[in-house]
1. Which of the residues spanning region 355-395 are under 15 Å from ALA14 (Cβ atoms), buried (at least 17 other Cβ atoms within 10 Å of the Cβ) and of a type outside the set (D, E, K, R)?
2. Specify which of the listed residues (GLY133, GLY104) is closer than 14 Å to GLU87 by Cβ, in contact with a strand residue (DSSP E or B) (Cβ under 9 Å, 6 or more places away or on another chain) and surrounded by 14 or more Cβ atoms within 10 Å (Cβ to Cβ).
3. Which of the numbered conditions does ARG252 fail, given that it passes all the others? Conditions: (1) in the same structural domain as VAL316 (by TED's automatic domain parsing); (2) free of Cβ contacts under 8 Å to residues at least 60 places away in the same chain; (3) in contact with a Lys or Arg (Cβ under 6 Å, 6 or more places away or on another chain).
4. Go through ALA35, ALA48 for me and flag whichever is among the aliphatic types (A, V, I, L, M), in a strand (DSSP E or B) and more than 21 Å from the chain's Cα centre (by Cα).
5. Please give the helices (runs of 4 or more DSSP H) falling wholly within region 86-170 in which 1 or more residues are farther than 23 Å from PHE192 by Cα.
6. Part of a strand (DSSP E or B), of a type in the set (Asp, Glu) and within 27 Å of LEU349 (Cβ to Cβ): does that describe GLU241?
7. Sort out which residues of region 24-44 are in contact (Cβ under 8 Å) with a residue 24 or more places away in the chain and under 16 Å from ASP369 (Cα atoms), and write them in order of number.
8. For region 259-277: of the residues being of a type in the set (Gly, Ala, Ser) and assigned to a strand (DSSP E or B), which is surrounded by the fewest Cβ atoms within 10 Å (Cβ to Cβ)?
Amino acid sequence: MIESLLVANRGEIARRIIRTAKRLGVRAVAVHSEADADLPFVVEADEAVCVGPANPAQSYRNVEAILAAAEATGAQAIHPGYGFLSENADFARTVQARGLVWVGPGADAITAMGDKINARNLMAAAGVPVAPGTTEPATDLDAAVAAATGIGYPVMVKAAAGGGGMGMAVAADEAALRTEYDKVRAFAERMFGDGSVLIERYFPRVRHVEVQILGLADGRVVALGERECSVQRRNQKLVEESPSPAVSPELRARFLAAAVRAGEAVGYRNAGTVECLLDPATQEFFFLEMNTRLQVEHPVTELVYGVDLVEEQLRVAAGLPPTFDPDALTPRGHAIELRINAEDPKRFLPGPGVIGTWVEPTGEGVRVDSGYVAGNTVTPFYDSLLAKLVVAGADRAEAIERARTAVAGFAVAGPKNNLPFFAELLDNEEFVSGDYDTGIVGRMR
């Protein structure tokens, strides 16, 4: 096993990785910005290094500062968490070139999946279903209009290098496409340094279902079930659950087989997620993207399968076998994750501030992965995620009931937060029925 690990991230995911590292006897090193010096992940690490000011470009995305911290602390490996540098193939290559262990997939897999058009084409060649769309970038507006005409409206206009729900817009007709194309292209150039645009069929009523995969050290790729991620705002997830209430055993078998083929197509190692769109009317699903990292919502899979995915990541990176039998994976019960964000519960606009009260719920089946405690300041420099409230039960009904109790018992004062939204959602008939789609939040508002 790896002896020392530098966590190149912040907040709840850094704290969560550190927790597993310390349980395994692995020395945990944190890097942090000046703005995060007092956060729990810094305090709980065995050693911590400040890598720059609040601006992520000067701290959490500062490759040389992070590598210098690894050298100064004698860290053997680097775990990138999610976001920041986690899907940066050049960073992965540089880490390994410096003689460090990279806790993630190979740089070639990151590169292959980092461009949505290239990823679509690779998946289609591997027999993974893909939605109708362009096989090369729409280089100008005329090309985008021609592509959309062939695909049929409405279409989704996407940044080919984007991710996490960013750089996407829906065009119902040519007039809308002419407006949205330039916006998406400009956003993509500004955010990702790549203005390539993909045009893809848009499905008005669709569910977002993803499969957790793990590429093992011996070369096998295994799937650890699916997660439902259809409760979203601005194409970004708010709630995830496993198993999906929309997926039958027969459909599940097809989902998992396709995800394994996707991983095998790029020689995948370590943890990753194959994201798909599911048409509930036809039971057809289509490849959306592959996230070449640990997902925010990994805890629901952990609770259903009884595994620690961070531990499995470390074992793969160290060339060790998994703690479980890949041929005997058995899911149990149901788990739901609620993303507690520092944002207005009505319009979902960020609301940073000083945390005056922070009381986490407890009880059977309740887990809280948090990044803050009372007295901490939620700054505007980073993602608004405060904590992940995860609940598990013998079935979906029990998980929902436990989630209601946990939300009522989660006390946060200071920054705005979306706990009131979750109280509303957990009593929403559409959500409780399990028959919902990605438009549910809009219908609630």
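1. Result: SER370, GLY371, TYR372, ASN376, TYR382, LEU385, LEU386, ALA387.
2. Just a single option satisfies the conditions, and that option is GLY104.
3. (3)
4. Being among the aliphatic types (A, V, I, L, M), in a strand (DSSP E or B) and more than 21 Å from the chain's Cα centre (by Cα) holds for just one of ALA35, ALA48, which is ALA48.
5. Helices (runs of 4 or more DSSP H) meeting the threshold: 89-97, 116-125, 141-151.
6. On the way: part of a strand (DSSP E or B): yes; of a type in the set (Asp, Glu): yes; within 27 Å of LEU349 (Cβ to Cβ): yes.
The answer is yes for GLU241.
7. LEU39, PRO40, PHE41, GLU44
8. So the first thing to find is which residues in region 259-277 are of a type in the set (Gly, Ala, Ser), and the list is 259, 262-263, 265, 267, 271-272.
Among the residues that remain, those that are also assigned to a strand (DSSP E or B) are: 271-272.
Working: ALA271: 25, GLY272: 27.
It comes out as ALA271.
The values are calculated or read from the model by the stated rules, or taken from the named source; none is laboratory data. Only a predicted model underlies this, so the values are computations on that prediction, with no experimental measurement involved. Glycine gets a Cβ as well: all are built from the backbone with ideal geometry, and neighbour counts include every protein chain shown.
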